[in-house]
Amino acid sequence: MQFNIVTLFPEMFAAMNYGVVGRAKETGLIDIRCFNPRDYTEDNYHKVDDTSYGGGPGMVMMVKPLQAAIQGARENSKSFASIVYLTPQGKLLNHDLVKELSVQENLILISGRYEGIDERLLKIEPGIELSIGDYVLSGGELASMVLIDTVTRQLPGVVGDAGSVAQDSFSAGLLDYPHYTRPEVINDLKVPDVLLSGNHAEIARFRRKQALGRTWLRRPELLAKIELTAIDRMLLNEFIEETSS
Ligand code: 6GU
């Protein structure tokens, strides 16, 4: 999968050289390329932004350098690329959208800075607008990297253990169950006995109950969106009884 980033700060994307995403780059499962609008300016000042028509604070990114950088990305591409604009005005990114993006071969991610980009770019170069949460970042770069990280995890062969991705929080619409590792006791806190029992059916039952229970406690709106089996309802009832007693 190819990620083409249009950004004034390509150096920030060095963060993509680490961990799971870094390995996906090394093994050629993904390719990340940056296109800096400043490199596509034709004036001596390499101007990429200007004041806002109508007044008000802050600068707006100009159409021309962005358009030229998108063109640069296209010329570098083997296949058709859809455009994604990272903006707090976009649709909220979630697991379903991540799955949809992960079947694309080629994306152009526009990471805006300043107060935003000239609205007419979206008419000239249509694309989807995505946000990563209800708060404002100083630019779309971190949001682009969040998108690249979460989409890359979904690509076949990127995460060694495919079951680990399938079991991630949100894959089943639930939060994850709690995890424990050595030692068995620390600060008088013991790992739940069932996890040491070797009884795989009981362990699966415990984990499902915890996942359901934590989702019920912390993100009840997620529970409302999924269908619970009769066994799920029984496990959740047990969890609720155990926590209220
Ligand atoms: Cl995609 N961009 C910016 N600048 N801020 C954000 C965002 C994106 N998503 C949430 N906040």
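Some points to look at:
- Hey, Ser144 within 16 Å of the ligand (Cβ to nearest atom), surrounded by 18 or more Cβ atoms within 10 Å (Cβ to Cβ), of a type in the set (S, T, N, Q) and in the same structural domain as Phe9 (by TED's automatic domain parsing) or not: yes
- For segment 15-30, a residue qualifies if it is exposed (fewer than 15 other Cβ atoms within 10 Å of the Cβ) and not in a helix (DSSP H, G or I), and the qualifying residues are Tyr18, Thr27, Gly28.
- Among (1) within 11 Å of the ligand (Cβ to nearest atom); (2) within 21 Å of Arg23 (Cβ to Cβ); (3) in contact with a helix residue (DSSP H, G or I) (Cβ under 7 Å, 6 or more places away or on another chain) - the single one Gln154 does not satisfy: (1)
- Taken as a whole, the condition of being farther than 26 Å from Leu222 by Cα, among the aromatic types (Phe, Trp, Tyr) and either within 16 Å of the ligand (Cβ to nearest atom) or not assigned by TED's automatic domain parsing to the domain that holds Lys225 (or both) applies to Tyr45.
- Of all the residues in segment 53-80, those that are surrounded by fewer than 18 Cβ atoms within 10 Å (Cβ to Cβ) and within 16 Å of the ligand (Cβ to nearest atom) number 3.
- Taking segment 117-169 as the range and being assigned to a loop (DSSP other than H, G, I, E, B), more than 20 Å from Leu66 (Cβ to Cβ) and of a type in the set (S, T, N, Q) as the test, the residues that pass are Gln154, Gln167, Ser169.
- Residue within segment 93-103 that is more than 14 Å from the chain's Cα centre (by Cα), within 16 Å of the ligand (Cβ to nearest atom), in a loop (DSSP other than H, G, I, E, B) and of a type outside the set (Lys, Arg) present: no
- Close Cβ contacts (under 7 Å, 6 or more residues apart or on different chains) running from residues in segment 113-129 that are not assigned by TED's automatic domain parsing to the domain that holds Leu142 to residues that are buried (at least 16 other Cβ atoms within 10 Å of the Cβ) are absent.
- Pairing each residue of segment 175-203 that is closer than 29 Å to Ala224 by Cβ and without any contact (Cβ under 8 Å) to a residue 40 or more places away in the chain with any residue that is charged (D, E, K, R) and surrounded by 13 or more Cβ atoms within 10 Å (Cβ to Cβ), provided the two are 6+ apart or on different chains, yields C-beta distances under 6 Å for Tyr177/Arg207; Val194/Glu202.
- Qualifying position, being at pLDDT 95 or above, within 18 Å of Val151 (Cβ to Cβ) and within 12 Å of the ligand (Cβ to nearest atom), among Ile117, Ile108, Ile83, Ile132: Ile132
The values are calculated or read from the model by the stated rules, or taken from the named source; none is laboratory data. Model, not experiment: these values are computed from the prediction. Heads up, the Cβs are rebuilt from the backbone with ideal geometry, glycines too, and the neighbour counts pull from every protein chain shown.
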